[in-house]
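Structure first, commentary second.
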Amino acid sequence: MQQNCRQNFNHEIAERVTPLGQVREALEYYCSAIAAEERLRLAHSNLAISPVYYLLGHSIELSLKALLRQSGMHPNEYRKRHIGHDLCSCFHHAEKRCPAVFKGMSDGDRLLLELLNQQYSNKGFEYFGRGIIQVPEFDAIRIVAHNVLAIAINEIPMAMSHLRGSRSEIFQDGFTISSSSAE
């Protein structure tokens, strides 16, 4: 009985976890990260920076998983392929399935993603640990998150028209890929 319930539950989640739903959530996390970081910057505070990085990391994860789902990967495969919450693994699988859409990602972007992933994948932004953590410069990883989200929005049918509205004004450039070298 319990096994049957688990199968039904997994099936229901799979039906709810659509590429459009995931990219919508990715946008919510991205906008929350930007708003929180802006508020911290105005307050001249760096006391709550871990949650901001977590929000950006989760936006990247959801954007990549939306692309994986759009390419036909079922959410149950994430576990089988050891994707989990590992941003580098998510990126690797998404790039493998959709190589053309990631051709604009630079080696520098990949390094920033790896640096963010060191803390994100092991829940370093969610739980306190010892020592000093290394994180990418916020504006640099924000551009990477923006670009990954823009790729997902551009690749998922109906995402652009569905997401236009109050939360999408953060994308002043109309969901296009930003330059990594922007200052």
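Sort largest first and round to whole Å: the equivalent ellipsoid semi-axes of the range 2-170, each the square root of five times a Cα gyration tensor eigenvalue. Working shown, then result.
On the way: eigenvalues 134, 74, 57 Å².
Three semi-axes, in Å: 26, 19, 17.
Contour minus end-to-end for N154 and S71, with contour as 0.36 nm per residue of separation and end-to-end as the Cα-Cα distance?
Answer, rounded to one decimal: 28.5 nm.
At 0.36 nm per residue, and after removing the present C-alpha to C-alpha distance, how many nm does the segment from A100 to E126 gain when stretched out fully? Display every interim value, and only then the final one.
Numbers: separation 26, 0.36 × 26 = 9.36 nm, distance 3.34 nm.
That works out to 6.0 nm of additional length.
Each label point is 7 Å from the Cα along the Cα-to-Cβ direction; what then is the distance between the points at K80 and H92, in nm?
For the pair K80/H92, the computed spacing is 1.8 nm.
Quick one: I49, I34, I151, fewest Cβ neighbours within 10 Å first, how do they rank? Numbers along the way, then the final one.
Working: I49 16, I34 19, I151 23.
The order, fewest Cβ neighbours first, is I49, I34, I151.
Separation between the L111 and S45 pseudo-spin-labels, each 7 Å from Cα along Cα→Cβ, expressed in nm?
Inter-label distance under the simple model: 3.3 nm.
Sort L62, L42, L20 by Cβ crowding within 10 Å, fewest neighbours at the top.
Going from least to most buried by this count: L42, L20, L62.
Please go through the range 103-143 and write out the trypsin sites (Lys or Arg not before Pro) that DSSP classes as loop and that have at most 14 other C-beta atoms within 10 Å.
Passing sites in the range 103-143 are K103, K123, R130.
For D107, D86, what ranking results if the residue with the fewest other Cβ atoms within 10 Å of its Cβ goes first?
Listing D107, D86 from fewest to most nearby Cβ atoms yields D107, D86.
Run the simple label-point estimate for H162 and I133 please: 7 Å along Cα→C-beta, distance reported in nm.
3.1 nm
Every number here is computed from the coordinates shown, using simple stated rules; none is lab data. Just so it is clear, the structure is predicted and the values come from calculations on it, not from any experiment. Neighbour counts are summed over all protein chains in view; Cβ atoms, including those assigned to glycine, are modelled from backbone coordinates with ideal geometry.
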